[in-house]
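What follows is a short report on a single structure.
The values are calculated or read from the model by the stated rules, or taken from the named source; none is laboratory data. None of these values were measured; they are calculated from a predicted model. So basically every Cβ, Gly included, is an ideal-geometry build from the backbone, and we count neighbours across all protein chains shown. Just the protein is used for accessible areas: all its heavy atoms, side chains included, with ligands, DNA and RNA removed. Shrake-Rupley method; radii C 1.70, N 1.55, O 1.52, S 1.80 Å.
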Amino acid sequence: KAGVTQTPRYLIKTRGQQVTLSCSPISGHRSVSWYQQTPGQGLQFLFEYFSETQRNKGNFPGRFSGRQFSNSRSEMNVSTLELGDSALYLCASSQPGQGDEQYFGPGTRLTVT
Amino acid sequence: GEDVEQSLFLSVREGDSSVINCTYTDSSSTYLYWYKQEPGAGLQLLTYIFSNMDMKQDQRLTVLLNKKDKHLSLRIADTQTGDSAIYFCAESPGGGATNKLIFGTGTLLAVQP
């Protein structure tokens with residue numbers, strides 16, 4: 001089985017722009033979660049989608065949004081980028097019921113200048 | 001509140017055992033996890049333990065869970081240079097209602113040849 005894929009792998013944007021990141025889960029997985037990883041704050045939960053519905057949301061401003069499609073692929077969007085949004089964005093997929101094992105993609109490295 | 005704590009750094013010699021410790025906060029967490037992150041990579045699920053277990057062994061890895069003290073540890077037997085990485089413990093609060101993970105700060109394991 002192919003693993004979790006994320007595109008693009010690297011991205012450079014300027015302040016004020018918006019960005020869309022994509023995540024394709026492992027085939028058959030219906031839950032996708034997003035995390036932000038920074039040196040200062042560590043790994044922080046952004047949101048989780050299951051069957052196209054947001055099931056949980058972390059403590060991030062409304063500039064961060066996401067969605068999930070019927071094929072379980074997910075996108076996250078960050079509008080009005082700030083320097084502090086520079087981070088590694090990781091998505092994870094799981095099939096609830098199988099020990100809730102979450103498998104992570106390689107991440108998208110976003111740099112905001 | 002949500003706060004998972006780990007020591008920041010551990011240095012061991014090749015062939016020795018490594019023990020990485022973690023203290024979590026939510027007693028309703030159904031599963032507790034250990035992830036490994038190598039430089040520039042995403043998170044690799046190493047192992048997990050169900051909250052009603054106190055030990056789980058998986059090849060060179062042994063997980064111990066002390067639910068009373070909310071303490072989790074990961075022992076790596078016969079540590080190799082390839083084990084050098086950052087290790088994160090994570091809890092899944094909320095009793096399994098979502099897949100949200102709360103991660104610790106990560107422990108950098110340095111294996112000296």
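Hey, in the GNM for chain A with a 10 angstrom Cα cutoff, which one of A:Ser79, A:Ser70, A:Ser51 fluctuates hardest?
With Cα springs under 10 Å in chain A, the top fluctuation among A:Ser79, A:Ser70, A:Ser51 is at A:Ser70.
Out of residues 5 or more away from B:Ala110 or on other chains, whose amide H comes under 5 Å of its own, with H placed 1.01 Å from N in the peptide plane?
Answer set, sorted by chain and number: B:Leu10, B:Ser11, B:Val12.
Under 10 Å, Cα contacts only: if you run a Gaussian network model on chain B, which one of B:Thr62, B:Thr98, B:Thr23 comes out with the highest mean-square fluctuation?
Of B:Thr62, B:Thr98, B:Thr23, the most mobile in the Gaussian network model is B:Thr98.
Rank these residues by their accessible area, most exposed first, probe 1.4 Å: B:Ser27, A:Ser94.
So, going from the largest accessible area down, we get B:Ser27, A:Ser94.
Got a sec? What order do A:Arg109, A:Arg67 fall in by accessible area at 1.4 Å, biggest, i.e. largest, first?
Heavy-atom accessible area, descending, gives A:Arg67, A:Arg109.
Under the definition of partner shielding as Cβ atoms of other protein chains within 10 Å of a residue Cβ, what is the mean value for peptide A:83-93?
Rounded to a whole number, the mean comes out at 1.
Relative to the Cα centre, what is the charge dipole magnitude of the range A:26-113, using +1 at the beta carbon of each Lys and Arg, -1 at the beta carbon of each Asp and Glu, and rounding to the nearest 20 debye?
For this selection, approximately 120 debye.
Relative to the Cα centre, what is the charge dipole magnitude of the protein assembly as shown, using +1 at the beta carbon of each Lys and Arg, -1 at the beta carbon of each Asp and Glu, and rounding to the nearest 20 debye?
580
Ignoring ligands and nucleic acids, what accessible area does A:Thr113 show with a 1.4 Å probe (Å², nearest 10)?
80
Residue by residue through the range B:42-54, what is 3J(HN,Hα) from phi via Karplus (6.51 cos²θ - 1.76 cosθ + 1.60, θ = phi - 60°)? Round to whole Hz and write x for glycine and proline.
Once θ is set to phi - 60°, the couplings for the range B:42-54 become x, 9, 9, 5, 8, 6, 8, 9, 6, 5, 8, 9, 10 Hz.
Using modelled backbone amide H atoms (1.01 Å from N, in-plane), which distant-in-sequence or interchain residues come within less than 5 Å of B:Thr25's amide H?
Those lying under 5 Å, H to H, from B:Thr25 are B:Asp3.
For peptide B:98-110, how many partner chain Cβ atoms fall within 10 Å of a residue's Cβ, on average?
Counting other chains' Cβ atoms within 10 Å and averaging over B:98-110 gives 5.
Please list 3J(HN,Hα) in residue order for the range A:75-85, calculated via the Karplus relation 6.51 cos²θ - 1.76 cosθ + 1.60 where θ = phi - 60°; whole Hz, with x for glycine and proline.
10, 10, 10, 10, 9, 6, 4, 10, 4, x, 7
Just for the Cα atoms in the range B:1-71, what are the lengths along the principal axes, largest first, rounded to whole Å?
So the extents along the principal axes, rounded to whole Å, are 35, 25, 20.
List the lysines whose Cα lies under 18 Å from the Cα of B:Lys68, skipping any in the same chain that are fewer than 8 positions away.
B:Lys56
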